[in-house]
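Note sheet for the following structure.
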Amino acid sequence: MQKRLIRKLDLEMLLSQVEPHPSPKPSLEQYTIPADVAATILYIAAYTHNDIVDKTVLDLGCGTGRLALGAAFLGAKQVVGVDIDKTAIKVACENSVKTGLKNRVQWIAADIDVVHGKFDTVLQNPPFGVQRRKADRKFLEKALEVGEIIYSLHKSSRKDKVFIKKLKTRGTNIVSVSPSSFIEKFVGEHGGTIRAVYAMLMTVPHMFNFHTKRKHEFVVDLYVIKGE
């Protein structure tokens, strides 16, 4: 189990080995989280808030395993990754072998509804609700039900060019921001409390026929939430 401080560069290098989904489905919004964004999320969770090392960690909608494997690498006590897509879970298993973390993560191919019990920390990059409205709500509800602390990534409404430039020029590439009124209300209605929100840039490559650019850059907000 990892006890020493891991360099962010080493974490990002490990995460860059994680293979993406070979045939992602637009309906499930299966965008593999970039290695730099995943490393930033995990670093904040592990070393700003002390929510990874020696903790039980759940990755909801784990895809091919980038967040789950990163948590295991940083020293989580137990890690479980859940995804409804069997192909994603198959690739996640292969990625766990490739990264030397085969025995550190349990993978489950199932809808997130099957998850019960309690975890110290929930990590999730849920569907943003672009293809299916409100798709992220199911993930937030389940995370609030089973997680003591939740790290949830959501597409931001911020498109201001000055703000984006600020993100690009900051050494850490993150800025503390206020929560959206909708997410704040939704979390409160489900017994949670937002502790912090961090804005960062996320870039996804051209993946689907409806994409018009070679790559798409946009702002995402990482919510740190205290569960029920």
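Being farther than 25 Å from Y43 by Cβ and hydroxyl-bearing (S, T, Y) is true for just one of T87, T64. Which residue is that?
Only one candidate passes the filter, namely T87.
Being at pLDDT below 95 and either in a loop (DSSP other than H, G, I, E, B) or surrounded by 21 or more Cβ atoms within 10 Å (Cβ to Cβ) (or both): is that true of G81 here? Taking the combined requirement at face value, the residue does not satisfy it. Each residue in region 138-171 was checked for being in contact (Cβ under 8 Å) with a residue 12 or more places away in the chain and of a type in the set (V, I, T), and 4 of them qualify. Within region 91-111, residues that are at positive phi reach no partner that is exposed (fewer than 13 other Cβ atoms within 10 Å of the Cβ) and modelled with pLDDT under 95 with beta carbons closer than 8 Å at six or more positions or on different chains.
The values are calculated or read from the model by the stated rules, or taken from the named source; none is laboratory data. Source: prediction; values computed, not measured. Virtual Cβ from ideal backbone geometry, glycine too; neighbours counted across all protein chains shown.
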